[in-house]
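The values are calculated or read from the model by the stated rules, or taken from the named source; none is laboratory data. Only a predicted model underlies this, so the values are computations on that prediction, with no experimental measurement involved. Positions of Cβ are backbone-derived with ideal geometry, glycine not excepted, and every protein chain shown enters the neighbour counts. Protein only, heavy atoms only, side chains kept; ligands, DNA and RNA dropped before computing areas. Shrake-Rupley method; radii C 1.70, N 1.55, O 1.52, S 1.80 Å.
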Amino acid sequence: MKKWRVLLLVSFIIIAGGCVRKSILDDINILTVMGYDYVDKNTIKGTALIPVYETKKISNETFTTTSITSKDIIEELQHKSSDPLAKGGLEVVLYGEELAKKGLIPIMDMLERDSRIGTRLYLAVVKGTANELLKGKYGERGNGIYLSNLIRQNIEQLDIPKTNLHKFFYAYYSDGRDPFLPYIQKEKDKVKIVGIALFDGDRMVHYIKGNDMFYFKILVDRYTEGTHTIQMEDNQYAVVKSIVTNRKFSFSGSKERPDITIDIEISGILYEYSQRKYNKKEKHKIETTFEKEIVKETSKLIKHLQSHQIDPIGFGDEAKSRYRNFSYKTFYENYPTLDIKVNAKATIVDSGIVE
């Protein structure tokens, strides 16, 4: 008799669970992407993207409205939707460049407070407007999945450092580093990552162009995968893939004006080499050229950041962990003129197909 009761209870749970899931999916619109743009000092424009599942393809439906706050934007969008908008499926939030320059925290308040929104949510700044970008059609799986995959694979295999909602807020609330976000642009039927937007607090003040993203990632994150082309003498080149990096900070001198050294270790597989011959001498030449390039370009990038008085690398946090009674205020007063040195050690661990 007890077995029948157990079976009956299990059957009821399965049936009830199935009904609840069907009810949720059928009666809501799953919000996958939100975009915000500046209109004027009292108004922002919000664009919501919802995937529409059709036979063999996914299309996109967008809703647009204007209001004063991000909370009001959602409420206004609800009035235009035939079913409730579910924010739990949100994958990407985009901010138009003009809005990013005004400051994002007032608009991001909803993301910080809503427990249904995951902290791994991707954020990005749009060159132009988020509304215009979201009007496009990208891929066959919907714009939400396309944009999410675009950012994720550029983090995992290319030149974007790890970034998401959690990391943005961590940097924003930290006294010793500044936030950054991917900087994207619409190009016909595609979206391209064209750089990295740099922030002073919550305001975008500058951006790193595509050519410098490789060096920026070396400084703020670690490569576990990646490819880079090294320009050699006499218009020759070498392509290194499966790049792995590590970095180490060291400090000397006073806490008010420390001398900072960054030691970068980088290794990879030689994938392609324009020279026909390859031996130990050529291997050493490639490694040496790679080291000089890293030192030159990262040093130039650091001075560029110092001149704009922004610290996305987190020198302040690194210094705080090494000095007692450390003062962020004094450190950043001296930051633009600090002596920051870079050392690099490159190793070709395998010569790949050229052997």
* Hey, any idea what % of the chain's accessible area is carbon plus sulfur with a 1.4 Å probe? -> 50
* Structure fact -> In whole µm²/s, the translational diffusion coefficient that Stokes-Einstein assigns to the stretch 62-107, given a Kirkwood hydrodynamic radius over C-alpha pairs, 4 °C and 1.567 mPa s, equals 108
* What's the long-distance tail for the chain, i.e. % of Cα pairs beyond 32 Å? -> 45
* Asked: Long-range amide H contacts for residue 194: which residues qualify at under 5 Å (H placed 1.01 Å from N, peptide plane, sequence gap of 5 or more or a different chain)?
  -> 183, 184, 185
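Take the alpha carbon gyration tensor of the stretch 172-320, find the square roots of its eigenvalues, order them as a ≥ b ≥ c, and report rounded if a/c is under 1.5; if not, report prolate when a/b exceeds b/c, else oblate. Write down the numbers at each step before the final one.
Values: a/c = 2.49, a/b = 1.37, b/c = 1.82.
Oblate, because a/c is 1.5 or more while a/b does not exceed b/c.
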* Structure fact -> Debye calc, one equal point scatterer per Cα of the stretch 127-247, no solvent, log10 I(q)/I(0) at q = 0.09, 0.18 1/Å comes to -0.30, -1.07
* Structure fact -> Once the dipole of the chain is set up from charges on Cβ (+1 Lys and Arg, -1 Asp and Glu), the residue from the list 273, 34, 347 lying farthest towards its positive end is 347
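What FRET efficiency comes out for the pair residue 296/residue 105, r = Cβ-Cβ distance, R0 = 45 Å, nearest 0.05? Working shown, then result.
Values: r = 36 Å, r/R0 = 0.80.
My answer for the efficiency is 0.80.
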* Go from 0 up to the bin containing the longest alpha carbon distance in the stretch 66-177, width 10 Å each, and give me the % of pairs per bin. => 12, 41, 39, 8, 0
* Asked: Going by the alpha-carbon gyration tensor, a ≥ b ≥ c the square roots of its eigenvalues, is the stretch 79-137 rounded (a/c under 1.5) or, if a/c is not under 1.5, prolate (a/b greater than b/c) versus oblate?
  -> oblate
* Please report, in debye to the nearest 20, how large the charge dipole of the chain is about its Cα centre when each Lys and Arg carries +1 at its beta carbon and each Asp and Glu carries -1 there. => 880
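Rolling a 1.4 angstrom probe over the protein heavy atoms, how many square angstrom per residue are accessible across the stretch 105-227?
46
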* Structure fact -> Applying the span-like rule to the chain (DSSP H, Cα extent along axis at least 24 Å, Kyte-Doolittle mean at least -1.0) gives 2-26
